[in-house]
Every structure is written in C-alpha cells, then in structure tokens.
1. Within region 95-164, list the trypsin sites (Lys or Arg not before Pro) lying in a DSSP loop whose Cβ has at most 13 other Cβ atoms in a 10 Å radius.
2. Label point 7 Å out from Asn18 along Cα-to-Cβ: which residues of region 171-212 have amide N under 17 Å?
3. Based on the Kirkwood radius over alpha-carbon pairs, what value in µm²/s does the Stokes-Einstein equation return for the translational diffusion coefficient of the chain at 20 °C and 1.002 mPa s?
4. I'd like the distance between the alpha-carbon centres of region 62-134 and region 147-217, rounded to an integer number of Å.
5. HN-Hα J couplings of region 182-189 from phi, Karplus 6.51/-1.76/1.60, θ = phi - 60°, integer Hz, Gly and Pro as x?
6. Where the only charges are on Cβ atoms (+1 Lys, Arg; -1 Asp, Glu), what is the dipole of the chain about its Cα centre, to the nearest 20 debye?
7. Label points 7 Å out from Cα along the Cβ direction at Thr141 and Trp84: separation in nm?
8. Counting other C-beta atoms within 10 Å, which of Thr137, Thr49 has the fewest, and how do the rest follow?
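Every number in this text was worked out from the coordinates using simple rules, so none of it is lab data. Worth saying up front: this structure is predicted, and the values here are computed from it rather than measured. When we count neighbours, we look across all protein chains shown, and the Cβ atoms used for this are built from the backbone with ideal geometry, even at glycine.
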Amino acid sequence: MTDNPSVPGRRRDLAMHNDWWASGWEHVLPRQGFPLTMLIGTASQPGFTGSLDDLLQEIFDGHWDMIGGGLDGALTFSWPDEEWDYEAAPEGREANEANRWETFGAMLTAAGYPVPKTVRDLSELYLAWGLACREETPDGTRWSMPAALPLPGDLLPLDADITKRLDRIRWTMRTGPLVDGLIHHLIDDLDEPHETLTSLDRLAAATGQDADDVRIAVTELVASGDAQVQRGQEPADAERLEAHQRFRLVMNWDHFHEQRVQLRIEGGNA
C-alpha cells in the first residue's frame with residue numbers, strides 16, 4: 001500500500017464533484033456511481049497519493065456500506081435494504097433491476113463499452129469516459145477529475161425519455177437560482193404584489209442580475225403557471241420583450257405557494 005502523507009489517525013474529509021448533479025450521471029449509472037464519484041473526488045484532493053483501495057482503507061477501514069463494501073462489490077440500481085415503492089415501480093424490485101440492467105447494458109454495448117459488474121469495473125469506465133484520470137508518478141498514483149464532467153449523452157446513446165429528463169434537470173439547475181432571485185425581490189421588497197408594472201431592465205437592477213437572466217426567470221414563472229406577462233390587456237411573450245419595454249407581471253401566488261415549500265427563517269433578538 002502506498003504511504004499516505006495525511007496526519008496519522010486523522011480521517012480525510014470526503015469531497016464531491018460540484019458537477020455531479022448537473023451532469024445527470026446519477027440517473028444513468030448504478031447507484032454506486034454516486035459514492036464512487038465521491039471516492040475519486042476525495043482521491044483527487046491535494047495530499048493524497050495511492051489507489052482507491054488505499055483511500056477506502058484509510059477512511060472506512062476497507063469497508064463502506066454506501067459503495068457495497070469494497071470496490072469488488074456487485075453493482076446494483078437499487079438499495080437492497082430500502083423499502084420498495086410499488087407506486088413508482090409496481091413491477092417490483094427484481095423486475096425493475098432487470099429492466100434497468102437491460103437498458104444500461106444495451107447503451108454501453110451500442111457505444112462499444114463493456115458492461116461493468118463491480119465498482120472497480122465502473123471505475124475503469126470512468127477513466128475511459130474522461131470522468132477521472134489516473135496517473136502513475138514517482139510519488140505514486142495520482143487521481144484527478146475534470147472541472148466539468150462529460151455528459152452522459154455525449155458518450156452513450158440515451159433514449160428519448162432519459163434525454164428529455166436530463167435536459168430538464170440541467171435547465172432547472174440553470175434557471176432555479178435566477179427564479180429564486182426574482183421571487184425574493186417580489187416577496188421581500190414588494191410584499192407579494194398581485195401585479196407590478198415593470199421592465200426587464202428594472203427587474204435586473206432590483207435583483208442584481210442581467211436582463212437576459214431576468215427574462216429566463218420570468219419565462220420560467222410563466223411556463224410553470226405562477227405568472228402571466230401582459231402588455232396592455234393582451235398576453236405578451238417574455239422571450240420577445242425588449243429590455244426597456246414596460247409590461248405587467250401578474251402573479252398567481254396561490255399556485256406558487258402550492259407548488260413550492262418555502263422555509264423562511266425570521267431573524268430577531270432572543
């Protein structure tokens with residue numbers, strides 16, 4: 001085992017790649033993809049030299065339940081001890097697992113990749129896909145990950161349903177903070193107005209965003225049924241508004257609050 005320069009007796013903190021959720025890999029890979037990415041992300045931090053087995057031994061004494069024990073554990077799409085959701089998957093655990101493997105295996109075979117059976121097999125696919133890099137140096141094995149993970153659709157022939165799902169997830173992660181910024185302005189600064197006469201420029205100045213980002217936020221509110229955009233008495237298309245054009249933003253706050261759970265912590269003196 002390669003010597004590790006970390007302080008003896010001190011546990012290394014796990015690190016997760018920031019791009020994992022936005023990339024959509026968790027919706028494509030077996031469930032061990034998440035802890036494997038965390039393990040490689042941790043191995044990529046400064047101060048570690050060695051194999052993934054070395055790191056697993058250092059942090060978990062060689063056995064990590066989340067990953068299925070060790071790197072030679074079998075891959076699965078479901079947690080063996082989880083209560084099965086028969087409403088979401090009425091066919092049951094075994095049939096669902098078989099279907100997931102059939103789809104996953106077909107994708108990999110079509111793309112010319114071997115179908116992994118163990119976590120170690122999957123780690124080798126990470127290297128082939130460019131999700132991770134392993135380099136042998138005079139000091140030992142070094143790991144790294146790219147700043148932006150390759151997308152599943154760039155490497156595998158995803159079906160239409162999963163492609164649409166991943167596109168929506170990435171779009172939501174892109175637009176979510178923009179919508180939040182606009183909503184905070186409407187709630188905290190304007191006290192939830194039923195409607196407000198404004199423009200993209202004005203909203204941009206009030207939220208600290210640029211006009212194009214505000215346009216995206218307004219468009220998302222309209223698409224989700226939380227708002228309407230009107231010029232005069234006629235509906236208007238937020239995507240076609242000029243930044244300076246005045247419009248009425250009409251909010252449906254009942255719908256908004258029904259669709260979202262908001263935790264608002266009121267500060268104050270004890």
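1. Hits after loop and neighbour filter: Lys117.
2. The answer is 173-178, whose backbone nitrogens lie closer than 17 Å to the label point.
3. Translational diffusion coefficient: 96 µm²/s.
4. The two parts, judged by their Cα centres, are 32 Å apart.
5. So the Karplus estimates, Gly and Pro as x, are 5, 5, 4, 5, 5, 7, 6, 8 Hz.
6. Magnitude of the dipole: close to 500 debye.
7. So the label points at Thr141 and Trp84 sit 3.6 nm apart.
8. Thr137, Thr49
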